[in-house]
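Quick note: the coordinates plus some simple rules give every number you see, no bench work behind them. The shown structure was predicted, so the numbers you read here are calculated from the model rather than taken from an experiment. Ideal geometry is used to build each Cβ from the backbone, glycine not excepted, and the neighbour counts take in all protein chains shown.
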């Protein structure tokens, strides 16, 4: 972007400081507060979600939770509030919703009220899933944006482990998890007021002075604050050249294609088999080992989920999204093939009594190992990276609405597995894993065709996706001026 264009854009944004405009290089300070705030947001929101899922599975209210998860983000996307409240407003709304849902489940534990409390918490979870990833994506530096968004999935995994530990240490019939939820929801609600906003959202609301101030704290010392703000404003002006956001434009052209990609990614994430193991992994192990010790399998499952997410955070901004998605999908597909083949050699079937005498010890170990490897592979790839892509690929003009719609698709997929595992899958026995293998094969194909987005700014990603979605060859050359690293040239202001 030429220096003259940057200066012209900033002038139109009512930046009048001549020294600031003429400075050779204006680096960001990359305040630790931004990273701390993002980590706090991901930790509290993710842990809330993990604790609630495990609690509703135990209480048999997972269907009500999933229904709420569909309704919450859908209503947010359909309403005008999702744009006016912004990222922090919806974080606050999600925290309040969780407080209400946890309070209902804690103080009105009757069978009549539990579904209502689970549904309210589900709606709050849907709102948080729609807002946390895009908030983290917008306040993070491109070099570690993937890790920041993946921290949300890590916190979910930690929430699952926390609930499992509480059930071991305390009587599961006591509502210890409800107390944890109330505490976490209260901390999230109170902590939102201390979180910095997204300077990209501020630009979209024409709050330029606040956006520039926040950009100084968000950008790193290798980024020129003026360029980042100018690129954001230029891209947003390009998107709004056709007028204000409207549903006709969102549901047509390249916007519809991007939305379809997000929906497909979320559905494939839920239909890969992980949700089935989350719901029925212990029951499956009970059937295979002919024991009542399936509960002891849960700590192994949630630990594999946690251990898979840690290397995902460390590698996603180095290795890239595509390679990790592909590895994850192929590994999960292989595990599903192994489970289907191993189960076909036994008479294990949820629809009938189990004759484990025909299931050798080696086969039992293979089945248990395949489930744990599948869980690890999910947490390494499709678990966190789906959220990363959905936080990156949508234009700023429609990012909030699109995030709400794809999050609704996420919970539609979750609910579909819940219902199928109750009505259809039990009659299929181990043959159900052939179905999951097919969905993982589709996931592998999606991994191959998706563009890579690592270490690109959100504005640069739009320059990648627009021609790709139009079926054109991406020939753009992104020059980040004033970013002194090995990937980009340093440019003098006259060549800015």
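What is the order of 375, 29, fewest Cβ neighbours within 10 Å to most?
By the 10 Å Cβ count, ascending, the order reads 29, 375.
Could you pull the Cα extents of the chain along its three principal axes, largest to smallest, in whole Å?
That gives 81, 49, 40 Å along the principal axes, largest extent first.
Extension gain residue 220-residue 22, at 0.36 nm per residue separation less the Cα-Cα distance, in nm?
69.3 nm
Relative to the compact globular guide of 2.2 N^0.38 Å, what is the alpha carbon radius of gyration of the stretch 70-172, as a ratio?
1.23
Semi-axes, largest first, in whole Å: what does sqrt of 5 times each Cα gyration tensor eigenvalue give for the stretch 180-257?
28, 22, 11
Provide the gained length on full extension for the span residue 423 to residue 110, in nm with one decimal, where the gain is 0.36 nm per separating residue minus the Cα-Cα distance.
So the chain would gain 110.1 nm between residue 423 and residue 110.
If you average the sequence gap of Cα pairs under 8 Å that are 6 or more apart and divide by the length of the stretch 59-217, what percent do you get for the contact order?
Once divided by the residue count of the stretch 59-217, the mean separation gives 30 percent.
What's the angle, to the nearest 10 degrees (0 to 90), between helix 399-423's Cα axis and the longest principal axis of the chain?
Result, in degrees: 10.
Where does each of 4, 361, 138 land when they are ranked from fewest to most other beta-carbon atoms within 10 angstrom?
361, 4, 138
Assuming R0 = 22 Å, can you tell me the calculated FRET efficiency for the pair residue 314 and residue 466, based on Cβ-Cβ distance, to the nearest 0.05?
FRET efficiency, residue 314 to residue 466: 0.10.
With an 8 Å cut-off on Cα pairs and a minimum separation of 6 or more residues, tell me the relative contact order of the chain in percent.
Reported relative contact order: 25 percent.
R0 = 22 Å: FRET efficiency of residue 40 with residue 205, Cβ-based, nearest 0.05?
For residue 40 and residue 205, the calculated efficiency is 0.40.
Based on the Kirkwood radius over alpha-carbon pairs, what value in µm²/s does the Stokes-Einstein equation return for the translational diffusion coefficient of the stretch 22-85 at 25 °C and 0.890 mPa s?
Once the numbers are plugged in, D ends up at 160 µm²/s.
Give the order of 65, 236, 152 when sorted by the count of other beta carbons within 10 angstrom, beginning with the fewest.
236, 152, 65
Could you work out, for the stretch 170-308, what percent of all Cα-Cα pairs fall into each 10 Å distance bin, beginning at 0 Å and stopping at the bin that holds the largest distance?
Pair shares across the bins are 9, 18, 22, 24, 17, 9, 1.
Kindly express, to the nearest 10 degrees and within the range 0 to 90, the angle between helix 321-344's C-alpha long axis and the longest C-alpha principal axis of the chain.
With rounding to tens, the tilt is 10 degrees.
Could you list the square roots of 5 times each eigenvalue of the Cα gyration tensor of the stretch 255-331, that is, the equivalent ellipsoid semi-axes, sorted largest first and rounded to whole Å?
Equivalent ellipsoid of the stretch 255-331: 30, 17, 9 Å, largest first.
Taking the Cα atoms only, what angle lies between the long axis of helix 297-315 and the longest principal axis of the chain, rounded to 10 degrees?
20
Give the distance, in whole Å, between the Cα centre of the stretch 390-448 and the Cα centre of the stretch 111-168.
17
Kindly provide the helix-only [θ] at 222 nm of the chain, computed as the sum of -39,500 (n - 2.57) over DSSP H runs of four or more divided by all residues, to the nearest 500 deg cm²/dmol?
It lands at -23500 deg cm²/dmol.
Give me the extension gain from residue 323 to residue 252: residue separation times 0.36 nm, minus the current Cα-Cα distance, reported in nm with one decimal.
Result for the pair: 22.6 nm of gain on full extension.
What is the distance in Å between the Cα centroid of the stretch 185-259 and that of the stretch 19-81?
16
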